[in-house]
Amino acid sequence: MIKILPHTINFAASAYPEKEAFIYGKESLTYFELNKKTNKLASYLISHGVQKGDRVGVYLFRSIETPIAIYGIMKAGAVFVPIDPELPIARINFILNDCNINYVVTNPNLRKKHPKIIELKNPLKGFIGADLESDFNSITWPALFNTSIEKYSDVSLNEDDLAYIMYTSGSTGFPKGIMHTHKSGLSYARLSVNLFDIDENDRLASHAALHFDISTLGYLAGPLAKATTIIISEAHTKMASSLAALIEQEKITIWYSVPLAIIQLLQSNALNDKNLDSLRLVLFGGEVFANKYLSQIMNLCPNTHFYNIYGPAEVNQCTSYKVNTPPTNETIVPIGTVWEETEYLILDDKGNLNIDGDYGELAIHSSTMMKGYWNNQTLTNKSTYVAIEGEKEKKYFKTGDLVKKNESGDLVFLGRNDRQVKIRGYRIEIDEIEAALLKHKYIIEAAVVVLHKNVNEKEIMAAIILSKEENISLKEIKAHCYDYLPSYAVPESIEFMPDFPRTGSGKIDRIKIMNIYTNA
Amino acid sequence: MNKAIINYITDELLNETLEDNLEVDDDLLGGGILDSMGMMKLILFIEKEFGVKVPPEDMIIENFMTVSHITTYLEKKIKLD
């Protein structure tokens, strides 16, 4: 029985030892090799005092070492903590301290960062995978793989033990750590394998970085299905034409990413001459996919199935919607219905159960939900809705996302709780304005923010990216807005940007946009 | 050509200052130097500065991995024009 995540590797290694588990560029790992290498890492960590429940950092760019790191750490009974390699050193140091991390798994290509981290005040005792010049405790990957295992045996874990902690930006300015157990991680993997019929013939593209929850499909569900996961390199994520070629060459069957990654592929025109016959599934999530691009990619891949995936990192995935026909300008693509082992409630604006309406904040109870926020019981409580069912209490995670139920019973995403603003008494949905802007054929992307001009004065501002060759005036854009929006929702100012600042996971960084124009 | 590209990356695109100077053979795409937004800006700069057009099909890793890859690509391109 597979009860904890690393069991998937043991199983796959005995069933398909020679099958490729992960591929990164020209490098690859069979399940046999992955099993052996993760045992070596686990044994090294244990021999250096890492105990069950200890946190170990994974400080890596996308690489073939990533799956070795996460499964090696879990086999040692420890909890893996992805650290975004693009984070500023101070932020990395916050995570090391917040989670009390003694060991970090890394790669030599971050060698410029390693001494800077060692210098700071934190609990770090050693690196695995670094080639340091100093005498700080570390071991290189070749040296680790050359060790012979003497005393490694499986650490006894149960499904409620922690498997990983994912940090995400918090509204307080400090990142918050989302704790997932072997149960929640494995449930996510199992439900994904069931829903999407993933099997050993599938080739999953892993586009997202490890610190972004979308990556769990490739890293966690891939091995459960004994499939092959292709880890897309940093370089490929930046060069669309190379990425399009990779999708064809590697015969990717399942793609999962934020819409932006697909939009970049479309804009490069690089997919047009590619054979995409093997691509059976495209999953997208994390942000709303503008209808014009979704229909473009659907028309390009007429035999591929498309799913809109929804779920905050706190619950992994929780709803999905199969998009059957390319959407038109007017279509609202729902986030769909919850999958197995998942229930939901809709709460009103006071956080109570919304009895008479089908509109409000979505709350989720699922086998895939987190245990809570690391070291932050207050925040965990704040984000929990407790329902009394008979004598029992049932905990729901409050997503902060507004939804409504449509006529077919599907949930429709309306926006973030905090993306609804009141200006001059009018309730305005930021997402509605963005959607209206995107209906214009020359607007590639739009980000709407509220600028606080004075204490009492708020103003709606739209930052937009125009397609490269086009020139349209502010007046035309405003006229377009008046066609689709009530007048109080038409942005007062519009700014053209060559591109948007984005967060580590590729989402538009609206706070940064707000800051740019607040200070301007 | 190398110098102009290096200066643009160093002055305009880096989020934090590098410890050492950027070298022509440093991997720009592997991580830590350019993000995808930086890459777009760099291509716009190159088009303006050297009067070339970089079509989408040229936006491949082999042409943009390092500063020296970029100049090799540009020299070929300028000769053809």
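Does A:VAL449 qualify as being of a type outside the set (S, T, N, Q), modelled with pLDDT under 85 and in contact with a strand residue (DSSP E or B) (Cβ under 6 Å, 6 or more places away or on another chain)? Full working, then the answer.
On the way: of a type outside the set (S, T, N, Q): yes; modelled with pLDDT under 85: no; in contact with a strand residue (DSSP E or B) (Cβ under 6 Å, 6 or more places away or on another chain): yes.
No; evaluated as a whole, the condition is false for this residue.
The requirement of being modelled with pLDDT of 85 or more, part of a loop (DSSP other than H, G, I, E, B) and surrounded by 14 or more Cβ atoms within 10 Å (Cβ to Cβ) is satisfied by B:LEU28. Of all residues in segment A:61-90, those being under 25 Å from A:SER148 (Cβ atoms), within 14 Å of chain B (Cβ to nearest Cβ) and outside any helix (DSSP H, G or I) number 2. The residues of segment A:486-507 that are touching a strand residue (DSSP E or B) at 6+ places or on another chain (Cβ under 9 Å), surrounded by 14 or more Cβ atoms within 10 Å (Cβ to Cβ) and at pLDDT below 85, listed by number, are A:ALA489, A:SER505, A:GLY506.
Taking segment A:386-434 as the range and being modelled with pLDDT of 85 or more, among the hydrophobic types (A, V, I, L, M, F, W, C) and outside any strand (DSSP E or B) as the test, only A:ILE433 passes. Restricting to segment A:299-333, give me the number of residues that are within 27 Å of A:GLU389 (Cβ to Cβ) and not in a strand (DSSP E or B). So the answer is 8.
The condition of being touching a residue at least 12 places away in the same chain (Cβ under 8 Å), assigned to a helix (DSSP H, G or I) and surrounded by fewer than 22 Cβ atoms within 10 Å (Cβ to Cβ) does not hold for A:ALA261. Taken together, the criteria place A:ASN201 among residues that are polar (S, T, N, Q), farther than 24 Å from B:GLY31 by Cβ and either out of contact with any Phe, Trp or Tyr (no Cβ under 9 Å at 6 or more places or on another chain) or surrounded by 24 or more Cβ atoms within 10 Å (Cβ to Cβ) (or both).
Of all residues in segment A:20-35, those satisfying the criterion of being surrounded by fewer than 18 Cβ atoms within 10 Å (Cβ to Cβ) and either on the phi > 0 side of the Ramachandran plot or out of contact with any strand residue (DSSP E or B) (no Cβ under 6 Å at 6 or more places or on another chain) (or both) are A:GLY25, A:LYS26, A:GLU27, A:PHE32. Of the residues making up segment A:239-258, those that are within 18 Å of A:ILE214 (Cα to Cα) and assigned to a loop (DSSP other than H, G, I, E, B) number 3. Scanning segment A:485-510 for residues that are under 23 Å from A:LEU210 (Cα atoms) and either away from chain B (no Cβ under 14 Å) or not in a loop (DSSP other than H, G, I, E, B) (or both) returns A:ARG502, A:ILE508, A:ARG510.
Report whether or not A:LEU220 is closer than 30 Å to A:ASN10 by Cα, within 12 Å of chain B (Cβ to nearest Cβ) and in contact with a helix residue (DSSP H, G or I) (Cβ under 8 Å, 6 or more places away or on another chain).
Values: closer than 30 Å to A:ASN10 by Cα: yes; within 12 Å of chain B (Cβ to nearest Cβ): no; in contact with a helix residue (DSSP H, G or I) (Cβ under 8 Å, 6 or more places away or on another chain): yes.
Against the criterion (closer than 30 Å to A:ASN10 by Cα, within 12 Å of chain B (Cβ to nearest Cβ) and in contact with a helix residue (DSSP H, G or I) (Cβ under 8 Å, 6 or more places away or on another chain)), A:LEU220 does not qualify.
Please verify whether segment A:122-130 includes one or more residues that are within 14 Å of chain B (Cβ to nearest Cβ), closer than 22 Å to A:ALA163 by Cβ, free of Cβ contacts under 8 Å to residues at least 60 places away in the same chain and outside any helix (DSSP H, G or I). Within segment A:122-130, none of the residues are within 14 Å of chain B (Cβ to nearest Cβ), closer than 22 Å to A:ALA163 by Cβ, free of Cβ contacts under 8 Å to residues at least 60 places away in the same chain and outside any helix (DSSP H, G or I).
Test A:LYS151 against the stated conditions and say whether it is farther than 18 Å from A:ILE70 by Cα, at pLDDT below 95 and not in a loop (DSSP other than H, G, I, E, B).
On the way: farther than 18 Å from A:ILE70 by Cα: yes; at pLDDT below 95: yes; not in a loop (DSSP other than H, G, I, E, B): no.
Judged against the criteria, A:LYS151 is not a match.
All conditions but one from (1) more than 24 Å from A:LYS322 (Cβ to Cβ); (2) more than 13 Å from chain B (Cβ to nearest Cβ) apply to A:ILE252; the one that does not is (1).
I need the full set of residues from segment B:32-65 which are of a type outside the set (Asp, Glu), assigned to a loop (DSSP other than H, G, I, E, B) and facing another protein chain (nearest Cβ under 8 Å), in order please.
To start, the set of residues in segment B:32-65 that are of a type outside the set (Asp, Glu) comprises B:32-34, B:36-46, B:48, B:50-56, B:59-61, B:63-65.
This time we only want the ones that are assigned to a loop (DSSP other than H, G, I, E, B), so: B:32-34, B:51-55, B:59-60, B:65.
B:GLY32, B:LEU34, B:MET59, B:ILE60, B:MET65 - these are the residues of segment B:32-65 that are of a type outside the set (Asp, Glu), assigned to a loop (DSSP other than H, G, I, E, B) and facing another protein chain (nearest Cβ under 8 Å).
The residues on offer are B:TYR73, B:TYR8, and the sole one that is surrounded by 14 or more Cβ atoms within 10 Å (Cβ to Cβ), more than 11 Å from chain A (Cβ to nearest Cβ), without any contact (Cβ under 8 Å) to a residue 40 or more places away in the chain and hydroxyl-bearing (Ser, Thr, Tyr) is B:TYR73.
The values are calculated or read from the model by the stated rules, or taken from the named source; none is laboratory data. The structure presented is a predicted model; accordingly, all values stated were derived computationally and were not measured. Methodologically, a virtual Cβ is constructed for each residue, glycine included, from the backbone with ideal geometry; neighbour enumeration extends over all protein chains shown.
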